[in-house]
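What follows is a single structure, written as structure tokens, with notes after it.
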Amino acid sequence: MAPHKKINVTFLPDTRRVSVPHGVSLLEAVHRAGIVLPTRCGGKAGCLMCKVSIDPGESAALRPPSEAERRKLGSLLDQGVRLACQAAVWEDVSVHIPEDPLKAAVRRRLEAARRGEAEDLW
Ligand code: FES
């Protein structure tokens, strides 16, 4: 691999793209893409607030999980979940950012309103 190879990371569902140096953490790539992903532990695999997911076929695009990440995520790893603070970017990859809980609640209410269930939810 070239020493200064740039890696293209695409964040979904908003399709934000950023180009970062090989080996940068996914959390750093998230920040460089201007995405807010709240965390509490300062990137020490302690808060689990930086969970993101990748498609199973792209698992080789990230550095394999460390022992700490394996302990924290357990079987979620098999579902493509990774800790952005622990996963380093090795190859071009698409990453799913979980929906903000507040946005998700608003979206669910809007969808319910469209279905005529608004009185039950507001
Ligand atoms: S930033 Fe806290 S677990 Fe990743």
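Results, tabulated for the structure shown:
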| read-out | value |
| --- | --- |
| The range 15-117 shape via C-alpha gyration tensor axes, a/c threshold 1.5 | prolate |
| Net charge, VAL9 excluded, C-beta distance under 14 Å - Lys, Arg +1, Asp, Glu -1 | +1 |
| Antiparallel DSSP beta bridges within the range 6-121, as percent of all bridges there, nearest 5 | 75 |
| Simple spin-label estimate for ASP92 and CYS47 in nanometres, 7 Å along Cα-Cβ | 3.3 |
| Surface accessible to a 1.4 Å probe, ASP14 within the full protein complex, Å² | 110 |
| Under 26 Å from LYS6, Cα to Cα: lysines that are on another chain or at least 8 residues apart | LYS44, LYS51 |
| Probe 1.4 Å - accessible area at ILE54, Å² to nearest ten | 10 |
| Estimated distance in nm for a label pair at ARG71 and LYS5, the labels positioned 7 Å out from Cα along Cα-to-Cβ | 3.1 |
| Anisotropy class of the range 9-48 from Cα gyration tensor, a/c 1.5 cut | oblate |
| Percent accessible area from carbon and sulfur atoms, the chain, protein chains only, probe 1.4 Å | 52 |
| Net charge contributed by nearby residues that have their C-beta within less than 11 Å of GLY80 (K/R +1, D/E -1) | -1 |
| Length gained when the stretch ARG17-ARG107 is fully extended (0.36 nm per residue, less Cα-Cα span) | 30.0 nm |
| Cleavage-rule hits, trypsin sites (Lys or Arg not before Pro), the range 11-40, DSSP coil, Cβ neighbours within 10 Å at most 15 | ARG40 |
| Magnitude of the charge dipole, the chain, Cβ model with Lys/Arg +1 and Asp/Glu -1, debye to 20 | 340 |
| Simple spin-label estimate for ASP78 and ARG114 in nanometres, 7 Å along Cα-Cβ | 3.5 |
| Surface per residue (accessible, 1.4 Å probe) for the chain, Å² | 62 |
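The values are calculated or read from the model by the stated rules, or taken from the named source; none is laboratory data. Note that the structure is a prediction, hence the values are computed from the model and not measured. In this analysis, Cβ positions are derived from the backbone assuming ideal geometry, glycine residues included, and neighbour counts consider all displayed protein chains. Side chains are part of the model used for accessible areas, which takes the heavy atoms of the whole protein and leaves out ligands, DNA and RNA. Shrake-Rupley method; radii C 1.70, N 1.55, O 1.52, S 1.80 Å.
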